[in-house]
Amino acid sequence: MRAVQYREVGGSPEVVTVPDPEPGPGEILLRVSAAGVCHSDIAVMGWTAEELTFGLPLTLGHEGAGTVEAIGDGVRGVSIGESVAVYGPWGCGACIMCSQGKENYCVRADELGIMPPGLGAPGAIAEYLLVDDARHLVPLGDLDPVANVSLTDAGLTPYHAIKGALPKLVPGSAAVVIGTGGLGHVAIQLLRALTPARVIALDVSAEKLELAREVGAHEVVLSDERAADRVRAMTGGVQAVFDFVGVPPTVATATSVAAAEAEVVIVGIGGGVAQVGFGVIAFDASVRAPYWGTRSELIEVLELARAGVVDVRVETYSLDEAPKAYERLHAGKVNGRAVILPGG
Ligand code: NAD
Ligand code: ZN
Ligand code: ZN
């Protein structure tokens with residue numbers, strides 16, 4: 001089959017031919033209908049050999065949807081031809097976290113060498129994807145896989161980040177979204193669907209701020225060194241901040257616009273470090289840095305799509321065009337999410 005791989009440290013994604021995978025006992029083979037392109041892949045491709053936590057080559061793509069093509073011995077609960085989304089943060093399935101559906105925080109994944117597809121295990125930007133267990137599939141039903149595949153990360157990750165902050169987002173509150181790209185433009189919609197908060201979006205690109213407005217931001221602010229002052233002048237401090245960039249200047253903005261008891265959530269993996277201490281951040285503010293989301297949260301996000309309140313802005317590419325999609329994402333030119341269609 002054809003697949004898009006990151007083959008050597010410092011290289012660029014390449015379209016290659018690899019052997020067709022076959023499902024072993026308990027495994028499911030999907031014919032991939034759509035696979036999303038995430039900025040985390042760009043971060044991974046920037047790591048040194050020492051920083052890389054898995055071997056190469058790696059088939060990319062940790063947002064996947066497909067139809068069940070074949071099932072291994074002992075698989076129950078899925079049928080051939082069924083349309084499914086892949087829950088990506090695979091864990092052991094049995095530890096205290098996995099038992100609660102929080103496989104994103106599996107306590108044994110490292111020890112057992114379990115890695116997500118596209119982030120260690122072969123990923124979804126390929127004609128076929130092998131899934132290790134039926135519990136990592138969620139039925140899509142009549143949801144369009146192309147429009148909704150990115151909800152498995154660009155929807156699930158902000159949903160998890162926002163869910164923990166919901167008690168703070170009461171009527172009269174304000175929330176800030178920093179970085180209105182793939183994750184951020186979904187975050188704005190989730191905040192509008194789930195809370196009465198005034199939503200303020202920050203980005204460095206006018207085009208992305210326009211998308212932020214289209215998807216429901218009440219206000220948009222250019223993300224520069226004066227952004228924090230502007231947000232404070234508009235609000236007097238906000239009850240929740242979601243930073244989908246996570247570089248030092250955005251983390252500084254995020255902590256400095258926080259009101260007392262605010263939730264500051266750093267989702268972007270740009271290496272920024274928050275300063276927390278008495279008198280350094282507003283009283284009683286909390287800072288967290290979550291990873292992905294739980295299986296039940298993925299089911300909830302898909303329900304929101306079914307209800308018509310989240311709509312991922314998608315640009316589509318063929319498998320051959322996947323390297324171009326990564327180039328455009330790297331250059332900041334993707335407005336919304338790039339989705340690869342391996343079927344052509
Ligand atoms: P993206 O490229 O689609 O979006 C990033 C957005 O940030 C773009 O709109 C860009 O214009 C904007 N931006 C860049 N610099 C900025 C600045 N200084 N101020 C404001 N906006 C700025 O990326 P994405 O796929 O949405 O991913 C966002 C981040 O989240 C990445 O760092 C990614 O690695 C990370 N991520 C983390 C998790 C997690 O579980 N913690 C999961 C998925 C992605
Ligand atoms: Zn991702
Ligand atoms: Zn586990």
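The values are calculated or read from the model by the stated rules, or taken from the named source; none is laboratory data. Please read all numbers here as calculations on a predicted model, not as lab measurements. We place every Cβ from the backbone using ideal geometry, glycine too, and count neighbours over all the protein chains shown. Surface accessibility is based on the protein's heavy atoms, side chains included, excluding ligands, DNA and RNA. Shrake-Rupley method; radii C 1.70, N 1.55, O 1.52, S 1.80 Å.
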For the stretch 179-301, what does the alpha-carbon gyration tensor say about shape, rounded, prolate or oblate, given a ≥ b ≥ c as the root eigenvalues, a/c under 1.5 as rounded, and a/b over b/c as prolate? rounded
For the stretch 225-292, which trypsin sites (Lys or Arg not before Pro) pass both filters: DSSP loop (anything but H, G, I, E, B) and at most 14 other C-beta atoms within 10 Å? Arg226
Could you pull the accessible area for His39 with a 1.4 Å probe, rounded to 10 Å²? 100
In a Gaussian network model over the chain where Cα atoms closer than 10 Å are linked, find which of Gly55, Gly216, Gly155 has the largest mean-square fluctuation. Gly55
Length gained if Leu166 through Tyr291 is fully extended, taking 0.36 nm per residue and subtracting the Cα-Cα distance, is 43.3 nm
Within the stretch 1-107, trypsin sites (Lys or Arg not before Pro) in DSSP loop having at most 11 other beta-carbon neighbours inside 10 Å: Arg76
Between Arg135 and Val15, what is the spin-label point distance in nm, taking each point 7 Å from the Cα along the Cα→C-beta axis? 3.8
Mean residue ellipticity at 222 nm from the helices of the chain, using -39,500 (n - 2.57) per DSSP H segment of n ≥ 4 over the full residue count, to the nearest 500 deg cm²/dmol? -6500 deg cm²/dmol
Span from the the stretch 122-136 Cα centroid across to the the stretch 286-344 one, whole angstrom: 17
From phi via Karplus (6.51, -1.76, 1.60), per-residue ³J(HN,Hα) for the stretch 304-320 in Hz, x at Gly/Pro: 5, 5, 4, 7, x, 9, 10, 9, 6, 7, 10, 10, 9, 9, 6, 4, 4
Surface per residue (accessible, 1.4 Å probe) for the stretch 98-237, Å²: 38
Provide Thr235, Thr48, Thr152 ordered by accessible surface of protein heavy atoms (probe 1.4 Å), highest first. Thr48, Thr235, Thr152
State the Cα centre-to-centre distance between the stretch 169-209 and the stretch 27-51 in whole Å. 26
First compute the accessible area of the chain with a 1.4 Å probe, then give the percent of it belonging to carbon and sulfur atoms. 52
Rank Thr250, Thr17, Thr59 by mean-square fluctuation in a GNM of the chain with C-alpha springs under 10 angstrom and give only the top-ranked residue. Thr17
Amide H contacts under 5 Å for Ser318, restricted to residues at least 5 apart in sequence or on another chain and with H modeled in the peptide plane, are Leu341
